[in-house]
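The values are calculated or read from the model by the stated rules, or taken from the named source; none is laboratory data. Being a predicted model, the structure only gives us computed values, none of them experimental. Ideal geometry is used to build each Cβ from the backbone, glycine not excepted, and the neighbour counts take in all protein chains shown. These accessible areas exclude ligands, DNA and RNA; they are computed on the full protein's heavy atoms, side chains included. Shrake-Rupley method; radii C 1.70, N 1.55, O 1.52, S 1.80 Å.
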Amino acid sequence: MQQKINMLGFKISHLKKVFVENGFSELDAKKVFPWIHKKLAKNFDEMSDVSLATREKLKEKFSLSRGKCVTLLSSKDGTKKALLEFSDGNRIETVFIPDEKRNTICVSSQVGCAMGCKFCHTGTQGFVRNLTSSEIMAQVIFWKDQFPISNIVFMGMGEPLLNSENLFESLSILLDKKTHNFSRNKITVSTCGIIEDQLHELAKFGVKLAVSLHAPNDEIRSSLMPINRKYNIEKILEATKKYRDESNTEKITFEYLLLNNVNDSAENAKQLIKILRNFPAKVNLIVYNDWPDSIFKGTRREDANSFSMNLIKHGLRAVIRKSRGDDIFAACGQLKSAEKNQQKRD
Ligand code: SF4
């Protein structure tokens with residue numbers, strides 16, 4: 001049997017094209033699009049302004065599959081983590097993080113990841129495949145069906161800029177004024193430093209950028225993140241400045257995991273101040289959450305505070321980000337689709 005085409009991941013211009021190629025009209029696409037992305041229809045029968053005959057024909061060729069939620073874990077801090085399984089059996093994790101002022105979701109872009117960052121649970125799994133734009137949108141729709149969502153961060157499994165085509169298609173849908181209508185300031189794409197054409201293309205969407213820096217010099221960064229041998233800190237800072245100008249975004253965020261005795265000394269703070277001094281950026285300090293078999297430990301709270309104070313004293317904007325959902329392994333760097341990971345911590 002011919003596989004049905006999943007419609008969730010087509011921006012409106014693309015949907016019109018696919019409809020025409022399959023014997024439907026552009027007008028049909030215009031009617032169906034808001035049903036998918038505004039009313040979050042689960043099936044074609046809900047699309048009451050589309051004729052019955054067209055709905056029946058749509059069912060034959062297309063699907064609105066959101067994947068299957070295999071497990072849904074809730075943290076005591078309100079964070080939730082879902083394991084979604086797609087039609088080929090591959091699984092990814094996506095996280096919901098409620099806060100006083102906002103509800104943020106963390107979205108995955110790949111099954112596994114090829115980047116092999118030493119501190120990252122996803123990195124240990126290796127790369128399996130890119131997610132389609134429908135699978136990326138399935139995560140957003142999964143959460144939007146349950147909660148009002150104000151912010152989206154592409155910080156889940158995978159390196160989003162290595163799946164740029166599907167990332168960009170999803171961003172077009174999310175920024176569509178007639179449906180999801182997210183502001184570009186409410187979407188953040190995180191990269192470990194893939195700075196070629198993809199970053200230039202991303203700038204056209206004007207979304208916020210978070211760069212995973214995690215080290216104050218190339219020696220430490222290369223030992224933690226193999227990608228640094230290709231795109232070192234100097235290259236990243238240069239590309240990031242260019243992104244800021246091209247995208248007209250406010251400050252760029254640098255993510256910095258605090259790893260005990262690896263990158264958290266007073267000397268390391270001094271080095272970080274030196275490289276970021278003239279850079280209008282915010283530094284998000286994240287105390288590392290270890291996972292089973294992890295070779296790293298998180299910096300102690302008082303050391304994290306003094307690292308942060310050191311940066312602030314020298315004019316950098318730095319915050320220690322609250323860790324969320326670590327009792328369900330939903331915190332940064334802890335996502336992994338292996339089943340053994342789908343238990344709660346004692
Ligand atoms: S930190 Fe990000 S880029 Fe690095 S291995 Fe993990 S998912 Fe991949």
Seminar exercise, completed: Everything considered on the Cα gyration tensor (a ≥ b ≥ c; rounded for a/c under 1.5, else prolate if a/b is larger than b/c, else oblate), the chain must be described as prolate
Exercise. Using 0.36 nm per residue, how much length does the chain from K101 to H14 gain when fully extended, once their Cα-Cα distance is taken away?
Worked result: 27.9 nm
Exercise. Can you tell which of L52, G9, W35 lies farthest toward the positive end of the dipole of the range 5-63, using +1 and -1 charges on the Cβ of basic and acidic side chains (Lys, Arg; Asp, Glu)?
Worked result: G9
Exercise. With θ set to phi - 60° and the Karplus curve 6.51 cos²θ - 1.76 cosθ + 1.60, what are the ³J(HN,Hα) couplings of the range 209-215 in order, to the nearest whole Hz, using x for Gly and Pro?
Worked result: 10, 10, 10, 7, 8, 6, 7
Exercise. How about the range 214-275: which trypsin sites (Lys or Arg not before Pro) there are in a DSSP loop, with at most 12 other Cβ atoms within 10 Å of their Cβ?
Worked result: K230
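Let me know the shape class of the range 60-173, please: from the alpha-carbon gyration tensor, a ≥ b ≥ c as square roots of the eigenvalues, rounded when a/c is under 1.5, otherwise prolate if a/b is greater than b/c, or oblate. Kindly include the intermediate steps, with their values, before the conclusion.
On the way: a/c = 1.42, a/b = 1.09, b/c = 1.30.
Judged from the Cα gyration tensor, the range 60-173 comes out rounded (a/c under 1.5).
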Seminar exercise, completed: Of all GluC sites (Glu not before Pro) in the range 213-268, the ones in DSSP coil with at most 15 other Cβ atoms within 10 Å are E250
Exercise. Put +1 on the Cβ of every Lys and Arg and -1 on every Asp and Glu Cβ in the chain; which of M157, T179, N228 then has its Cα farthest towards the positive end of the dipole?
Worked result: T179
Seminar exercise, completed: Simple SL model, points at 7 angstrom along Cα→Cβ for C69 and A53; separation in nm is 3.8 nm
Problem set entry | Theoretical ellipticity at 222 nm over the chain - DSSP helices of four or more residues, -39500 (n - 2.57) apiece, nearest 500 | -9500 deg cm²/dmol
Exercise. Check G298: other-chain or 5+ apart residues with amide H under 5 Å from its amide H, H built from backbone geometry?
Worked result: N260, D290
Seminar exercise, completed: Comparing P292, P34, P160 in a Gaussian network model of the chain (Cα, 10 Å), the one with the largest mean-square fluctuation is P292
Seminar exercise, completed: With x for Gly and Pro, the residue-by-residue ³J(HN,Hα) of the range 216-233, computed from phi through the Karplus equation 6.51 cos²θ - 1.76 cosθ + 1.60 at θ = phi - 60° and given in whole Hz, is x, 8, 5, 4, 5, 5, 5, 6, 9, 10, x, 4, 5, 6, 8, 10, 7, 4
Seminar exercise, completed: Connecting every pair of Cα atoms under 10 Å apart in the chain and solving the GNM, the largest mean-square fluctuation among T299, T104, T54 falls on T54
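Which value, in debye to the nearest 20, describes the size of the charge dipole of the range 5-63 about its Cα centre when Lys and Arg Cβ atoms bear +1, Asp and Glu Cβ atoms bear -1, and nothing else is charged? Before the final figure, lay out the partial values.
On the way: 12 positive and 8 negative charges, 44 e Å.
Roughly 220 debye for the range 5-63.
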Exercise. Which of rounded, prolate, oblate describes the range 5-63, given a ≥ b ≥ c as roots of the alpha-carbon gyration tensor eigenvalues and a/c under 1.5 marking rounded, otherwise prolate only if a/b is larger than b/c?
Worked result: rounded
Problem set entry | Rounded Å value of the spacing that divides the Cα centres of the range 1-61 and the range 186-211 | 30 Å
Problem set entry | Approximate spin-label separation A266-S25, in nm, with each point projected 7 Å along Cα-to-Cβ | 7.5 nm
Exercise. Build a GNM of the chain with springs between Cα atoms under 10 Å: which of G78, G158, G112 gets the top mean-square fluctuation?
Worked result: G78
For this session: Can you tell me the relative contact order of the chain? Whole percent, Cα pairs under 8 Å, sequence separation 6 or more.
Result: 15 percent
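Rolling a 1.4 angstrom probe over the protein heavy atoms, how many square angstrom per residue are accessible across the chain? Walk me through the numbers before you get to the answer.
Numbers: 15930 Å² over 346 residues.
Accessible area per residue: 46 Å².
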Exercise. What is the set of long-range amide H partners of G325 at a cut-off below 5 Å, with H atoms built 1.01 Å from backbone N?
Worked result: D77, T79
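So in the chain, what percent of DSSP beta bridges are antiparallel if you round to the nearest 5?
On the way: 20 of 46 bridges.
Counting DSSP beta bridges with both partners in the chain, the antiparallel share is about 45 percent.
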For this session: Can you tell me the FRET efficiency between M309 and N232 if r is taken as the Cβ-Cβ distance and R0 is 22 Å, rounded to the nearest 0.05?
Result: 0.20
